[in-house]
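Below: one structure, written as C-alpha cells.
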Amino acid sequence: MSEPTQPRLQVVLPNESPATPPRALVDLGVRAEKLGAHTVWLPDHLLPPEPYGTTFGGVYEPLVTLAYLAARTERVRLGTSVLVLPMRDPFLLAKQVATLDRLSGGRFTLGVGVGWSREEFDSVGSDFATRGPRADETLALLRHLFEGEGPFHGRFHDYEHGVFAPRPSRRIRVMVGGGSEPALRRAAAWADEWQGVDPDPEALRAARARLGELTRRPVGTGVRMAWTGGEEAFARTVARFRELAASGADSVAVWFGEVEGFEERMVRFVAALR
C-alpha cells in the first residue's frame, strides 16, 4: 500500500496580543515562507467582549496586515482564518479583496466564517440571528462583483447601477471554516476548500464524505490545530498530523502559540515532518 500524500503545511500567525509588534508578526510570515509553508493565515475579530487572547485573536486587522505581508513575500499564499463575514460591509470587502489580490499577485485566499459571539455582533450593530443567510448572500454578491455585470438584488443588499474595479486577475479562492452542517453546505456551494477546527480523523473523513454528497466540485479539506509547547503535546501533535494525512487531509494549519517562542516551535515542527 502506498504512503498517504503529506498534507500541505499551513501556519496560523500569532495575532492575539496588542503587545505583539506588527513587524514581528510579518517577520514570522516571511520565516514561514522560507520553511516551505503553503499558506499563512490571520484570524479576525472587530470588537470582542473580552480582552484579546487565545479565545479572541485577531488584534491587527487581517486584510491590512496581509497587504503588508504580500510586499515582504513572493510565494506563500495569504489568507484569513477566518474573516467574520456577516460583520463586514460586502462592497468595501470586495474592494479590499480585489486590491489585495492584485497586490499579492493572486496569492490571497478569502477564508470566511459566520462568527459565534452574539456579544460581538451586538457591539457592532450586526444581527446575530441572520448571520448565516447574510454570509451566503455576501458570497453571492462578491462573486457577482468579481465576475458579473449589471445590478444585484438580494434580501440584504441591493444595487442597480455601479462599476466595480479592479476586477480580480483570477478567480478568488474561498475557504469556508466550521464543522456544522450549514458550514459544509456553504463550502459545497461557494468554496474551493473547507477547514475544520481540530477534528479527529473520523470527523475529517465524515466531513469529506459529506462534501462529496453535497457537490461534485472538488473542495479541498483542511484542518486547523495547535501546538503551543511541551514534549508530550509535541509528540501528540506530530502523530495527529500523520493521522490526518492518512485520513485524506489536503492541508493542516498549525498555530504555534504566542509570539514568544513561536518561531522556534514552528522550525521544530517542520523539521519533525521531514
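Observations on the model:
- Single residue of Gly257, Gly248 found to be at pLDDT 95 or above, closer than 16 Å to Pro201 by Cβ, of a type outside the set (A, V, I, L, M, F, W, C) and open to solvent by less than 30 Å² (accessible area, probe 1.4 Å): Gly248
- From the list Ala207, Ala235, the lone residue that is at negative phi, modelled with pLDDT of 95 or more and out of contact with any Gly (no Cβ under 9 Å at 6 or more places or on another chain) is Ala235.
- Residue that is most open to solvent (accessible area, probe 1.4 Å), among those in segment 59-100 that are basic (Lys, Arg) and not in a helix (DSSP H, G or I): Arg75
- Residues in segment 134-152 that are within 27 Å of Trp116 (Cα to Cα) and either of a type in the set (Gly, Ala, Ser) or open to solvent by 60 Å² or more (accessible area, probe 1.4 Å) (or both): Ala135, Ala140, Arg143.
- For segment 1-27, the candidate set comprises residues that are assigned to a loop (DSSP other than H, G, I, E, B) and over 20 Å from Pro62 (Cα atoms); within that set, the residue that is modelled with the highest pLDDT is Pro7.
- Residue within segment 182-192 that is out of contact with any helix residue (DSSP H, G or I) (no Cβ under 8 Å at 6 or more places or on another chain) and in a loop (DSSP other than H, G, I, E, B) present: yes
- Count of segment 101-116 residues which are open to solvent by 40 Å² or more (accessible area, probe 1.4 Å) and either under 28 Å from Ser180 (Cβ atoms) or of a type in the set (S, T, N, Q) (or both): 1
- Looking only at residues of segment 216-234 that are free of Cβ contacts under 8 Å to residues at least 24 places away in the same chain and open to solvent by less than 60 Å² (accessible area, probe 1.4 Å), we find that the one that is farthest from Thr5 (Cα to Cα) is Gly230.
Let's see how each residue does on (1) at pLDDT below 95; (2) under 15 Å from Met175 (Cβ atoms); (3) in contact with a strand residue (DSSP E or B) (Cβ under 6 Å, 6 or more places away or on another chain):
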residue	(1), (2), (3)
Val84	no, yes, no
Gln96	no, no, no
Leu103	no, no, no
Thr109	no, yes, yes
Val114	no, yes, no
Glu119	no, no, no
Ser126	no, no, no
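The values are calculated or read from the model by the stated rules, or taken from the named source; none is laboratory data. Values in this document were obtained by computation on a predicted structure and should not be read as measured data. Here the Cβ is made from the backbone with ideal geometry for all residues, glycine too, and neighbour counts use every protein chain on show. Keep in mind that these areas ignore ligands, DNA and RNA; they rest on the heavy atoms of the full protein, side chains included. Shrake-Rupley method; radii C 1.70, N 1.55, O 1.52, S 1.80 Å.
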